[in-house]
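Since the structure comes first, as structure tokens, the remarks are kept for the end.
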Amino acid sequence: MLKRTLLKSVCALPLWSWPEMSGAAGQITERDLSFDWRHTRDRLICTFHAPTRGWLAVGFNAERTLKGTRFVIAARADDTLLVEEHIAIVPGHDPVEKLGLSCAVTKAEVVHTPGGSQLRFAYPLTFPGQPRLSLAPKMATHLLLAWSQDTGFDHHSAWRKHYDITL
């Protein structure tokens with residue numbers, strides 16, 4: 001079983017406040033969930049709200065497939081924030097560090113809301129080691145949204161859906 005890492009030590013995340021938003025913005029809403037994105041000069045800021053107190057995941061892929069999807073998976077268990085970045089290796093997924101890549105998420109938070117939980121994080125527009133994946137404005141990408149009722153990342157999703165979007 002993999003040992004989970006606290007946010008304070010994963011990826012050596014810098015401490016900074018959420019930047020002012022500018023550029024393209026988009027939203028997906030479906031029943032009781034929503035996903036919003038905005039660009040800053042050099043980041044994509046994502047917010048995913050789902051009807052759960054378990055883990056939430058958001059991922060992107062240049063291809064229209066689960067395999068190779070790079071995603072942030074996060075949960076708040078008690079007062080502990082758990083955040084990891086994985087790549088889907090189908091049928092499973094591994095942390096990016098295990099695959100020889102660097103963690104790219106620069107800020108993440110999970111807050112519980114009256115209707116579930118909200119994951120907010122920042123990603124760079126490009127990824128070293130994955131030259132085909134670009135999150136720049138007006139780029140087409142394959143989006144993964146998923147959530148579980150459990151906070152353990154080893155538990156399967158209760159809900160997962162893929163979307164073709166243009167950022």
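The values are calculated or read from the model by the stated rules, or taken from the named source; none is laboratory data. Fair warning: this is a prediction, and the values are worked out from it, not measured in the lab. Every residue, glycine as well, gets a Cβ built from its backbone with ideal geometry; the counts of neighbours run over all protein chains shown. What goes into the accessible areas is simple: the full protein's heavy atoms, side chains included, and nothing from ligands, DNA or RNA. Shrake-Rupley method; radii C 1.70, N 1.55, O 1.52, S 1.80 Å.
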Return the aspartates and glutamates within reach of LYS138: Cα separation strictly under 18 angstrom, same-chain partners fewer than 8 residues apart disregarded; answer none if there are no such residues.
ASP36, ASP42, GLU63, ASP164
Using a 1.4 Å probe on the protein chains only, how many percent of the accessible area of the chain belongs to carbon and sulfur?
53
On full extension of the chain, what length is gained from ASP36 through ARG132, given 0.36 nm per residue of separation minus the C-alpha to C-alpha distance?
32.3 nm
Please identify the trypsin sites (Lys or Arg not before Pro) of region 22-97 that satisfy two criteria: DSSP loop assignment and at most 13 other Cβ atoms within 10 Å. Which are they?
ARG31, ARG41, ARG64, LYS67
GNM, the chain, Cα, under 10 Å: largest mean-square fluctuation among VAL72, VAL111, VAL58?
VAL111
Given the options VAL83, VAL96, VAL110, state which has the largest fluctuation in a GNM of the chain using a 10 Å cut-off (strictly under) for Cα springs.
VAL96
Between ASP94 and ASP78, what is the spin-label point distance in nm, taking each point 7 Å from the Cα along the Cα→C-beta axis?
3.1
